[in-house]
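See structure below.
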Amino acid sequence: MTALLPEGFRDRLPPFADSAAALEARVLEAARLYGYERVDPPLAEFADGLEMRLKAGGLHDAVRFVDPVSQRTLAIRPDITAQVARIAATRMGHHPRPVRLSYAGSVLKLRASQLAPARETRQIGCELIGLDSVAAAQELVAVAVDMITAADVTGASIDFTLPDLVPTLAAGPLPVAPEHVATLRDRLDAKDAGAVAALAPAYLPLIEAAGPFAQAMERLRAFDTSGALATRLDALARIADAIDGRVALTLDPTERHGFEYQSWLGFSLFADGSAREVGRGGTYTIVHETGAEEAATGFSLFADALVGRTASVDRRRLFLPFGTPASEGAAMRAQGWVTVAALEAGDTPEAQVCTHLWVAGGPRAL
């Protein structure tokens, strides 16, 4: 029983751990080339600080415990975005805006789902602090595409959404009682036409305004007879134009799952055959210690979903028989070989899972 792990946890063994580390390095390098510098926040911190950092909340499904030193409640991060927001608002509050930051690390969920049974996962992402403009969104979407390309993902697609669409309409051209807005958003997200018809039948066309980007945009513009959404739709069109042709584009204007703290824009990244997203992002608001608010744009990639779609690392290993001069092994490592030296006379290349054998001054495939 001591070898068992809790539900939702797992070991990653060779060569898959190497593959995951190599993928993470490639993906972060794609972000670095756009000027995103890496931060590395701690695994746990004060729960109340994390909870207040994002305007619409950012501490759902967190594992909490009492710190024996401070006697305060700590939270193991379920998402790194709020931590990056804290760093930008405090430690880097003096930095000229926008601030471009990247990150990678483990996150822990209190609960798992059937589609995503893992509770501990790796998260990789970028945050642009200080802007939620069209230009900022264009850059972040382009960075996201480059990062999943670096992960060798095939058949990538982006599904856009407008998280504040229903509140915007409910407070203006299509009034809905405040106590019914949350239910309406939920039913639109679920594509429950019957419930939407009972609550606010004027919103029914939004269920049909989902699908391939150009078609969905056409339906949304036809729906927006008052022009209340014109600015958002124009911005969305410009963002899509910037990446048109690189990935497939879709639009689901009322999608809400996973976009609890996003503001005017949200997007999900998918790949061929993926049952769930490989990434998610959008615009959001950071809250400073003083209560001041700051716009931001960012996204996160789900490393486990990316690793599961790529081939394992090239396990080319060169066996150096017992007594091989150290200089010969060093020369091969300088050429990029992984060398495994026999430490006793009876060692074999098969025992060391090697693909090549050092013979007469050169490698020979086994």
Legend entry - Index of the failed condition, Arg280 passing every other in (1) modelled with pLDDT of 95 or more; (2) open to solvent by 30 Å² or more (accessible area, probe 1.4 Å); (3) over 19 Å from Phe267 (Cα atoms); (4) not acidic (Asp, Glu): (3)
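Let's see how each residue does on (1) open to solvent by less than 60 Å² (accessible area, probe 1.4 Å); (2) assigned by the TED database to the domain that holds Ala25:
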| residue | (1), (2) |
| --- | --- |
| Gly273 | no, yes |
| Ile286 | yes, yes |
| Leu306 | yes, yes |
| Gln335 | no, no |
| Trp358 | yes, no |
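Restricting attention to the stretch 230-260, which residues are farther than 16 Å from Glu139 by Cβ and free of Cβ contacts under 8 Å to residues at least 40 places away in the same chain?
Correct list: Ala230, Thr231, Leu233, Asp234, Ala237, Gly245, Gly258.
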Legend entry - Residues of the stretch 69-85 classified as at pLDDT 95 or above and open to solvent by 20 Å² or more (accessible area, probe 1.4 Å), total: 7
Legend entry - Matching entry among His60, His94 (being out of contact with any strand residue (DSSP E or B) (no Cβ under 9 Å at 6 or more places or on another chain), surrounded by fewer than 23 Cβ atoms within 10 Å (Cβ to Cβ) and closer than 22 Å to Phe302 by Cβ): His60
Legend entry - Whichever residue in the stretch 172-188 is of a type in the set (A, V, I, L, M) and surrounded by 14 or more Cβ atoms within 10 Å (Cβ to Cβ) and, among such residues, is nearest to the chain's Cα centre (by Cα): Leu188
Legend entry - Tally of residues being free of Cβ contacts under 8 Å to residues at least 40 places away in the same chain and within 11 Å of the chain's Cα centre (by Cα) across the stretch 278-310: 2
Legend entry - Complete set of residues in the stretch 319-351 that are over 16 Å from Gly362 (Cβ atoms) and polar (S, T, N, Q): Thr348
Inset, instruction - Might you check whether a residue that is within 23 Å of Asp132 (Cα to Cα), free of Cβ contacts under 8 Å to residues at least 24 places away in the same chain and not assigned by the TED database to the domain that holds Phe270 occurs anywhere in the stretch 171-188? - result: yes
Legend entry - Filter result (open to solvent by less than 20 Å² (accessible area, probe 1.4 Å), β-branched (Val, Ile, Thr) and part of a strand (DSSP E or B)) within the stretch 110-147: Ile124, Ile129
Inset, instruction - Identify all residues within the stretch 291-322 that are more than 29 Å from Ala136 (Cα to Cα) and at pLDDT 95 or above; write none if there are none. - result: Arg317, Leu318, Phe319, Leu320, Pro321, Phe322
Inset, instruction - Using the structure shown, decide if Ser300 is assigned to a loop (DSSP other than H, G, I, E, B), in the same structural domain as Lys55 (by the TED database) and closer than 29 Å to Ala150 by Cα. - result: no
Inset, instruction - Confirm whether Glu37 is of a type in the set (Asp, Glu), open to solvent by less than 60 Å² (accessible area, probe 1.4 Å) and either touching a Gly at 6+ places or on another chain (Cβ under 7 Å) or farther than 21 Å from Val287 by Cα (or both). - result: no
Inset, instruction - Determine whether the stretch 148-158 contains at least one residue that is open to solvent by 40 Å² or more (accessible area, probe 1.4 Å), part of a helix (DSSP H, G or I) and either in the same structural domain as Ala202 (by the TED database) or not basic (Lys, Arg) (or both). - result: yes
Inset, instruction - Would you be able to tell me the number of residues in the stretch 236-254 that are closer than 18 Å to Leu206 by Cβ and open to solvent by less than 40 Å² (accessible area, probe 1.4 Å)? - result: 6
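The values are calculated or read from the model by the stated rules, or taken from the named source; none is laboratory data. In this text, all values refer to a predicted model and were calculated from it rather than measured experimentally. Cβ atoms come from the backbone with ideal geometry, glycine included; neighbour counts cover every protein chain shown. Surface areas here come from the heavy atoms of the whole protein model, side chains and all, with no ligands, DNA or RNA. Shrake-Rupley method; radii C 1.70, N 1.55, O 1.52, S 1.80 Å.
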